[in-house]
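The values are calculated or read from the model by the stated rules, or taken from the named source; none is laboratory data. Everything numeric here is computed off the predicted structure, so don't read it as measured data. Here the Cβ positions follow ideal geometry from the backbone for every residue, glycine too, while neighbour counts run over all protein chains shown.
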Amino acid sequence: MGLKQETYSSLILLLIVMGVTFGNGQTSSICDNGACDCSPRYRDVTTIECKCNAVRKGFSFTDADFGWKFRKVREFYVSDCDESIIFTTNAFKDLGQLESLHVEKVGKVEFQSGVFQKLVNLSLQNIRELDFGERAFMGAHDLENIKIRGATVHQLRSHALFDIKGLHSLEISDVVVHLIEKDAVNVDLRHPDSQVFIKNSTINNVESNGIVLTANNFSVDKSALDKISPNAIKISSDLILISESAFGNSLPNNGINMMAHTINIRNNIFKFLPTGVMEITKLGNDTKLIFTNNTVHNIQIEGPLNRISGIMETAEIRDNHFPCTCILGVLHRSLPNYSRNNFCATRCNISFNDFGELVEAEKVCISNNRDPDEAELCRSVTYPTPRSPREGRMPSYFSKSPSSTMATVQPRNSSGRIQVVPVLLFLTLFTVLFETISKINCKGC
């Protein structure tokens, strides 16, 4: 009898101890196995910090790792893992107050579909491989800021960053994306100070409707875009700024659609620029276009165009370098302002006006076989001004010379004479860059 009573008393005592321990918020999973530090440790955890070590190389977080004891977690940190970090579907379903997730110095990070029920800030830094599942942010209705720095995305799947509304900022820097699939990015940043900022990044390929963004400010700086499909990128913003970036040979007509009050494109390098690659929808009569200090190596001229952009009347187009072909040499007197302020893509400082005078003086464009090359142009100018080649971010896959098969208008007719072209064709040179949609999307314009 006494032995039984002692046994029952021990069991009761054990149950009481367990009840007190776990009833006060003691965690029994990721915070107890030494992989993660949770604070405060025994009640209402608000911060989780997980680091890999010599034994543990990665994590796979599931909803079983958490529970009601984690309902007040606000900050979650994961770092220093050589292998994969996987956030499985509904992993954070019980983290109803999660504000910030920080992942840093990780070999691979995978977000499966529907990971987040609530999230405000996402920070990903120094990730060798980043993988977003379809609708990974489907439940994150309070998401305000996404920051990705130093990462490689092999394939951004359809609906990966899709139907995200209310975002304040999207910052991408030092990121390489090999492929953006159709409907992969659809983000609406409606906050008055919202911004999308892309810097030092490279995108190799974008499929149709791959990127659809709405933001107050949109900026691309020191980045590269190689290949896009028709209607691949659609940007709506008050201000669009594209600077010091490089564009490859595979840009189709209507590849980039921009709707903005101010569009500033400066100090970029275009390997090949086809007609209407950038289609601009005016937001009103005050729409401003600035295209300055850009270099174009090859250009496609389709003409004559059926319509000429009204935006040309107010556009600021100067200090650009275009290929000078004989077909353009007779137009310098018709449009002297553009001729004086834009230049041939040569090492010597030859404006379109200079080039036109060389054509008139029959110093160039005499041969029936070809346009003048750079050496011939520079020798023909009596006051050459040496200049350094224009620099810009140029990834390795842009280093090859433009293909000789690019579609360009031949400047001579069958008799071998230089064609006399109307003023319309000179405007074609610039509307190649910006073929404005005739429909005006504003009230009272």
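Take Gly255 and tell me if it is more than 25 Å from Phe343 (Cα to Cα), at pLDDT 95 or above and not polar (S, T, N, Q). It would help to see each step written out before you state the result.
Details: more than 25 Å from Phe343 (Cα to Cα): yes; at pLDDT 95 or above: no; not polar (S, T, N, Q): yes.
No.
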**Request:** Could you tell me whether any residue of the range 98-115 is of a type outside the set (Lys, Arg), under 24 Å from Glu171 (Cβ atoms) and over 27 Å from the mean Cα position of the chain (by Cα)?
**Result:** yes
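One line per residue, one yes/no per condition, for (1) buried (at least 17 other Cβ atoms within 10 Å of the Cβ); (2) closer than 19 Å to Leu119 by Cβ; (3) modelled with pLDDT under 90:
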{"position": "Asp37", "(1), (2), (3)": "no, no, no"}
{"position": "Glu49", "(1), (2), (3)": "no, yes, no"}
{"position": "Ala54", "(1), (2), (3)": "no, no, yes"}
{"position": "Lys57", "(1), (2), (3)": "no, no, no"}
{"position": "Arg74", "(1), (2), (3)": "no, yes, no"}
{"position": "Cys81", "(1), (2), (3)": "yes, no, no"}
- So Ile280, is it buried (at least 22 other Cβ atoms within 10 Å of the Cβ), touching a residue at least 60 places away in the same chain (Cβ under 8 Å) and β-branched (Val, Ile, Thr): yes
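For the range 64-122, how many residues are in a strand (DSSP E or B) and among the hydrophobic types (A, V, I, L, M, F, W, C)?
Taking the range 64-122 first, the residues in a strand (DSSP E or B) are 75-87, 100-111, 121-122.
Now drop any that are not among the hydrophobic types (A, V, I, L, M, F, W, C), which leaves 76, 78, 81, 85-87, 101, 103, 106, 109, 111, 122.
Number of matching residues: 12.
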Pairing a residue in the range 215-242 that is within 21 Å of Leu167 (Cα to Cα) with any residue that is acidic (Asp, Glu) and at pLDDT below 95, where Cβ atoms lie under 6 Å and the two sit 6 or more apart in sequence or on different chains, gives Asn216/Asp238
Just one listed residue, out of Gly25, Gly19, is modelled with pLDDT under 85, farther than 23 Å from Phe111 by Cα and surrounded by 15 or more Cβ atoms within 10 Å (Cβ to Cβ), and it is Gly25
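Conditions (1) over 11 Å from the mean Cα position of the chain (by Cα); (2) basic (Lys, Arg); (3) more than 24 Å from Glu129 (Cα to Cα); (4) surrounded by fewer than 22 Cβ atoms within 10 Å (Cβ to Cβ), marked per residue:
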site	(1), (2), (3), (4)
Glu171	no, no, no, yes
Val206	no, no, no, no
Ala224	no, no, no, no
Ile256	yes, no, yes, no
If we take the range 308-406, then helices (runs of 4 or more DSSP H) inside it with 1 or more residues that are touching a His at 6+ places or on another chain (Cβ under 8 Å) and at pLDDT below 80 are 336-341
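Looking at the range 126-137, is at least one residue touching a residue at least 12 places away in the same chain (Cβ under 8 Å), assigned to a strand (DSSP E or B), of a type outside the set (A, V, I, L, M, F, W, C) and buried (at least 16 other Cβ atoms within 10 Å of the Cβ)?
Keep residues of the range 126-137 that are touching a residue at least 12 places away in the same chain (Cβ under 8 Å), which gives 126-137.
If we keep only those that are assigned to a strand (DSSP E or B) too, we end up with 126-132.
Narrowing the set further to residues that are of a type outside the set (A, V, I, L, M, F, W, C) leaves 126, 128-129, 131.
If we keep only those that are buried (at least 16 other Cβ atoms within 10 Å of the Cβ) as well, we get 131.
Among the residues of the range 126-137, at least one is touching a residue at least 12 places away in the same chain (Cβ under 8 Å), assigned to a strand (DSSP E or B), of a type outside the set (A, V, I, L, M, F, W, C) and buried (at least 16 other Cβ atoms within 10 Å of the Cβ), which makes the answer yes.
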Quiz item: Within the range 115-125, is even one residue in the same structural domain as Leu143 (by TED's automatic domain parsing), over 27 Å from Thr152 (Cβ atoms) and of a type in the set (D, E, K, R)?
Solution: yes
